[in-house]
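First the structure, then my questions, so here it is.
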Amino acid sequence: MNREKTYGIGELARDFDVTTRTIRFYEEAGLLSPAREGQQRVYTDADRVKLKLILRGKRLGFSLSESRDLIEMYDPESGNSRQLNALLSKIQERREQLNEQMREIELMQVELEEAEKRCLDAFDR
């Protein structure tokens, strides 16, 4: 009998360097739905992959709703083309946002340099 590997909440928290509270939050948000053995949560490999995708989405700046939508599109029978296209679109949107933020930061740096120069010039007078 080949039984699927399962994980406890503490094990997942350690593996992904998050708190158990974070994992429970994702569960409450409907992103994870572990089985129960009494009061204990039992996570499968699929739950582990979902958690990995949620955390990756978070690092990329995706909202929980966006991550949920992408995870729900998983359909290996279709080659996941719908999911992949949606992910590509989200990546392009995020990249555009980051590029705009970089332009704004560069402008702020120029303005700070000019303000600093004016302050230093005022000391020299």
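The values are calculated or read from the model by the stated rules, or taken from the named source; none is laboratory data. Because the structure is a prediction, the values reported are computed rather than measured. Because the Cβ atoms are built from the backbone with ideal geometry, glycine has one as well, and the counts that use them run over all protein chains shown.
In the range 10-56, which residue that is touching a Pro at 6+ places or on another chain (Cβ under 8 Å) and in a helix (DSSP H, G or I) is surrounded by the fewest Cβ atoms within 10 Å (Cβ to Cβ)?
Only one residue tops the list, namely Glu27.
When you scan the range 68-83, do you find a residue that is outside the structural domain of Glu4 (by TED's automatic domain parsing), of a type in the set (Gly, Ala, Ser), surrounded by 10 or more Cβ atoms within 10 Å (Cβ to Cβ) and modelled with pLDDT under 95, even just one?
For the range 68-83, residues outside the structural domain of Glu4 (by TED's automatic domain parsing), of a type in the set (Gly, Ala, Ser), surrounded by 10 or more Cβ atoms within 10 Å (Cβ to Cβ) and modelled with pLDDT under 95: present.
Name the pairs whose Cβ atoms lie under 7 Å apart, with the first residue in the range 76-92 and basic (Lys, Arg), the second not in a helix (DSSP H, G or I), and 6 or more positions between them or separate chains?
Close Cβ pairs (under 7 Å, with a partner that is not in a helix (DSSP H, G or I)) amount to Arg82/Met73; Arg82/Asp75; Lys90/Phe62.
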